[in-house]
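*Asks:* Submitted below is the structure of interest, expressed as structure tokens.
The values are calculated or read from the model by the stated rules, or taken from the named source; none is laboratory data. What you see is a predicted model; the values in this text were computed from it and never measured. Cβ placement follows ideal geometry from the backbone for every residue including glycine, while neighbour counts extend to all protein chains displayed.
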């Protein structure tokens, strides 16, 4: 055996590996029709090993790389051969077991011819013949013949078979830096691997590769379910793009798609081009088809333009523009439909239904509808910018063309039922002791026709200025703080409601002082605050003095004990705590019936709400209080990690006086001083339970038990079981008195109660099959809120899922239930792309808690 050490430029075929280093999803697959090799022979060539332990029924096995002596020397190429016929002027011949090694890459062949220029005696080209094999980590090329021209740098291969890893599923990356120790061991390739054959390979220009009669697939060599063949493929690493001429996609050898010209990406960079189309059917849209176009404007700017044909509505155009700056990021989402046919019909139908209504609100909403154009749009803009370590800005603007846009184009119940669209921009400062917020905020209020529900317009804050300061750990252990706010409120009249609402400025300041006293087993924190508020109002009808001033002192004492003990559960060490807590609040009564309600509401009673001084949110009401809250909390904490495994708490409020401050003093209002709930001496019992004793199980529950009515005011129970990413069970129950916004009943009766169960799952069935589903049922009205079902098949190289569902969207004019029905089907050819009737990822991700939308078509 001869060992020859030559300069690196003789390592000619290393550069040929450029073709297999490109991402496989860009190319074309399967077994050429002119191949004389059987599938078994191809599998053996590529290193395929049968196995029943994965969904591919096998894997590729990498043989060890053999490093020659002195392989650590830089730019060293080692060539070994059995026989050498050397000529300094003519042709040199290497034959036998030829092996070339360089930097973990290897070339072997039966024979090699080295050609020289007759006059200069320099090497001009080399030709390899017989069993030419090019190996690099996770890459393999086998050819009958190969050549390289040293002068033009042109390369060529004939009758070749290749295998390459296109990416690793967990990272979607083609890069992996292998150590010498890893390469010198037999190793199983991981991730998605592609293989194929080609009649010819050539590279005339640097980084531009051409293949003739080429094939591509990511399936097992023994079972190529799908194949792509092309008469010609060009891979341009300079641009990161590939093109295929006369490309044919075949499934089970049956051609299903022909593309005269196919453009695709061959690296991980974003590229301009068309994305896979979607198609499907929906009760809101009819049959639909979309063809997204992605435009990579710049490294930090891109946009996706999606024209869509909706058989019931017309042609819709949607654009998502995203941008990154040195200081922040943002996105603009816009949608436009020139003429919505279904909306035009809806306008005519509504006119016939509601034109004789005696309700002024209904007539106002009907007039708004008739003035709406069939040209419809939506625009949203979100931006977050960090100016420096202290200053930042935030923008969130949303707008739609009409009151019914979200009902027609919303993706879920939360969007469909949304009637207040936020439009705000703010500037904030965060410092060591002071925080500032300057905000402009308003809402676009939607007023869809509804027989029993009027949507009220919201106050605008133009502007809102907030300045808060805090100085903890001052002399004598005192903490000082102050909250300041200046806001100008304005509002537009609600259509059909002939009530003039007050507007004006509100100036508020609330200084405070507290003394935290802490011991290992006890804490006591007395606190005193003074709420000072002034209103300068207009549109009051002359019944409210202006300026209107309010001064209210606030006193509270928070205290608690802390006990702990060590316990052992299921052979694990934990610490259990017992934490009694007392919270006393005293706020003297001040008549606030003349104070307008700009941004205040009644807080829903929860366990944490027991330990706050104000039962109202916002500034416009400070509730009178002479009460003490009693709570008992216990926790179970992992002794090793410190993580909280269980938290349970129960508590209630003992009132020493009736509550006189309310949102309204009208006796017909639910919240009025004579309401029995404002005269009770005990609040409802409030409880909470969080359980995460192990990573698989999670349980959360809250409950409010009314001791007077002996009934629950509200309760929620959620169970979540997820032993693996693919195995998920969710079970939930919720009850809320007067919580059904779609009840169709305006009175305070049990018909307005909301009682829901919600069950969802994602679970493997057998082999590569799995199922997903969700059933949400309103038991008070005996109808389902959401119904979703689907079946998924995920194999080595392709995946498919299909399903359907119905989503409750609201009540019709005669109070019957209305649903949106949809179906989807999606195919994914791993390493090539996906096509289907819509993308159900958003639907599944929002419907099934814990469901990873990226798992479809992925190999763990």
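*Asks:* Here are the criteria: (1) loosely packed, with under 13 Cβ neighbours inside 10 Å; (2) modelled with pLDDT of 95 or more. Tell me which single one residue 532 does not satisfy.
*Replies:* The one condition residue 532 does not meet is (1).
*Asks:* Another question, if that's okay. Within the range 617-642, track down each residue that is in contact (Cβ under 8 Å) with a residue 12 or more places away in the chain and over 30 Å from residue 529 (Cα atoms).
*Replies:* If the condition is that a residue be in contact (Cβ under 8 Å) with a residue 12 or more places away in the chain and over 30 Å from residue 529 (Cα atoms), then 634, 635, 636, 637, 638, 639, 640 are the ones that fit.
*Asks:* Checking residue 445 against (1) surrounded by 14 or more Cβ atoms within 10 Å (Cβ to Cβ); (2) touching a helix residue (DSSP H, G or I) at 6+ places or on another chain (Cβ under 6 Å), which single condition isn't satisfied?
*Replies:* Tallying (1) surrounded by 14 or more Cβ atoms within 10 Å (Cβ to Cβ); (2) touching a helix residue (DSSP H, G or I) at 6+ places or on another chain (Cβ under 6 Å), residue 445 fails exactly one: (2).
*Asks:* Of the residues 530, 486, 578, 548, which single one is under 39 Å from the mean Cα position of the chain (by Cα) and under 19 Å from residue 618 (Cβ atoms)?
*Replies:* Answer to the check: 486.
*Asks:* Checking residue 418 against (1) more than 22 Å from the chain's Cα centre (by Cα); (2) farther than 28 Å from residue 301 by Cβ; (3) surrounded by fewer than 19 Cβ atoms within 10 Å (Cβ to Cβ): exactly one of these is not met. Which one?
*Replies:* Against the list (1) more than 22 Å from the chain's Cα centre (by Cα); (2) farther than 28 Å from residue 301 by Cβ; (3) surrounded by fewer than 19 Cβ atoms within 10 Å (Cβ to Cβ), residue 418 comes up short only on (1).
*Asks:* I've got another one for you. Go through the range 337-349 and give me each residue that's more than 13 Å from residue 408 (Cβ to Cβ) and either under 32 Å from the mean Cα position of the chain (by Cα) or surrounded by 13 or more Cβ atoms within 10 Å (Cβ to Cβ) (or both).
*Replies:* Within the range 337-349, 338, 339 meet the criteria.
*Asks:* A further question on this structure: Among the listed residues 339, 326, identify the single one that is closer than 30 Å to residue 391 by Cα and not assigned by TED's automatic domain parsing to the domain that holds residue 805.
*Replies:* The match here is 326.
*Asks:* May I ask you to list the residues in the range 827-851 that are modelled with pLDDT under 75 and either over 26 Å from residue 251 (Cα atoms) or part of a strand (DSSP E or B) (or both)?
*Replies:* 833, 834, 835, 836, 842, 843, 844, 845, 846
*Asks:* Hey, among the residues in the range 350-385 that are more than 25 Å from residue 285 (Cβ to Cβ) and exposed (fewer than 14 other Cβ atoms within 10 Å of the Cβ), which one's nearest to the chain's Cα centre (by Cα)?
*Replies:* 384
*Asks:* Continuing with the same structure: All but one of (1) assigned to a strand (DSSP E or B); (2) out of contact with any helix residue (DSSP H, G or I) (no Cβ under 6 Å at 6 or more places or on another chain); (3) at pLDDT 95 or above hold for residue 714; state the number of the condition that does not hold.
*Replies:* Condition (3) is where residue 714 drops out.
*Asks:* Something else: If you check 297, 332, which single one turns out to be buried (at least 16 other Cβ atoms within 10 Å of the Cβ) and assigned to a strand (DSSP E or B)?
*Replies:* Selected residue: 332, the only one of 297, 332 that is buried (at least 16 other Cβ atoms within 10 Å of the Cβ) and assigned to a strand (DSSP E or B).
For every residue, the table says whether it meets (1) more than 16 Å from residue 467 (Cα to Cα); (2) buried (at least 16 other Cβ atoms within 10 Å of the Cβ); (3) in contact with a helix residue (DSSP H, G or I) (Cβ under 8 Å, 6 or more places away or on another chain).
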{"residue": "491", "(1), (2), (3)": "yes, yes, no"}
{"residue": "497", "(1), (2), (3)": "yes, no, yes"}
{"residue": "500", "(1), (2), (3)": "yes, no, no"}
{"residue": "511", "(1), (2), (3)": "no, no, no"}
{"residue": "516", "(1), (2), (3)": "yes, no, yes"}
{"residue": "539", "(1), (2), (3)": "yes, no, no"}
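*Asks:* When the residues of the range 107-127 are narrowed to those that are under 30 Å from residue 190 (Cβ atoms) and surrounded by 21 or more Cβ atoms within 10 Å (Cβ to Cβ), which ends up modelled with the lowest pLDDT?
*Replies:* Selected residue: 107.
*Asks:* Next up: Given the options 407, 439, name the one that is assigned by TED's automatic domain parsing to the domain that holds residue 323 and either in contact with a helix residue (DSSP H, G or I) (Cβ under 7 Å, 6 or more places away or on another chain) or surrounded by fewer than 17 Cβ atoms within 10 Å (Cβ to Cβ) (or both).
*Replies:* 407
*Asks:* Would you check which residues across the range 128-169 are outside any strand (DSSP E or B) and more than 45 Å from the chain's Cα centre (by Cα) and list them?
*Replies:* Scanning the range 128-169 gives 150, 151, 152, 153, 154.
*Asks:* May I ask you to list the residues in the range 696-724 that are loosely packed, with under 15 Cβ neighbours inside 10 Å and either touching a residue at least 24 places away in the same chain (Cβ under 8 Å) or farther than 27 Å from residue 851 by Cα (or both)?
*Replies:* Matches in the range 696-724: 696, 697, 707, 708, 709, 710, 711, 723.
*Asks:* Let me ask something else about it. Which condition from (1) out of contact with any helix residue (DSSP H, G or I) (no Cβ under 9 Å at 6 or more places or on another chain); (2) at positive phi; (3) modelled with pLDDT under 85 is the one that residue 103 breaks?
*Replies:* All conditions pass for residue 103, except number (1).
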